[in-house]
């Protein structure tokens, strides 16, 4: 299975959350990119966000966001040439 554009949009919404402060949510405004609005709605429908337009992360959302951040960190890290370390 490959990541499709909807999944990428959802991951991008999740990475907007500040994991150092659970008291900070996000608000997706009505004039935001329609793809972002739709992604937030899907995340809400999946039980990942507390509100259809953002809000706060649920427990499942916190777990998903932590994993998204880890994946982003891995994919953006510089790989040493010839490294076989796992």
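Calculate the spin-label point distance for residue 67 paired with residue 27, positioning each point 7 Å from the Cα along the beta-carbon direction, and give it in nanometres.
It works out to 3.1 nm between the two label points.
Per Stokes-Einstein, at 37 °C and 0.692 mPa s, what whole-number D in µm² s⁻¹ belongs to the chain, with the Kirkwood radius over Cα pairs as the hydrodynamic radius? All intermediate terms of the calculation are to be shown ahead of the outcome.
Values: Rh = 13.8 Å.
The Stokes-Einstein estimate is 237 µm²/s.
Once both axes come from the Cα atoms, what is the angle between helix 5-14 and the longest principal axis of the chain, in degrees from 0 to 90, rounded to 10?
Orientation of helix 5-14: about 80 degrees from the principal axis.
What is the gain in length, in nm to one decimal, between residue 76 and residue 4 on full extension, counting 0.36 nm per residue of separation less the C-alpha to C-alpha distance?
Gain on extension, residue 76 to residue 4, equals 24.0 nm.
Divide by every residue of the chain the summed helix terms, -39500 (n - 2.57) for each DSSP H run of at least 4, and state the resulting mean residue ellipticity at 222 nm, rounded to the nearest 500 deg cm²/dmol.
On the way: 3 runs with 40 residues, N = 86.
Value at 222 nm, helices only, nearest 500: -15000 deg cm²/dmol.
Please label the shape of the range 28-70 as rounded, prolate or oblate, based on the square roots a ≥ b ≥ c of the eigenvalues of the alpha-carbon gyration tensor (a/c under 1.5 means rounded; beyond that, a/b larger than b/c means prolate, else oblate).
Taking the square roots of the gyration eigenvalues as a ≥ b ≥ c, the range 28-70 is prolate.
What's the angle, to the nearest 10 degrees (0 to 90), between helix 59-76's Cα axis and the longest principal axis of the chain?
The answer is roughly 40 degrees.
Would you mind checking the tilt of helix 34-45 against the longest principal axis of the Cα atoms of the chain, expressed as 0 to 90 degrees and rounded to 10?
In the chain, helix 34-45 runs at an angle near 80 degrees to the longest axis.
Here, each number is a calculation from the coordinates, and none is a lab measurement. All values reported here derive from a predicted model rather than from experimental measurement. All Cβ positions, glycine included, derive from the backbone under ideal geometry; neighbour counts span all protein chains shown.
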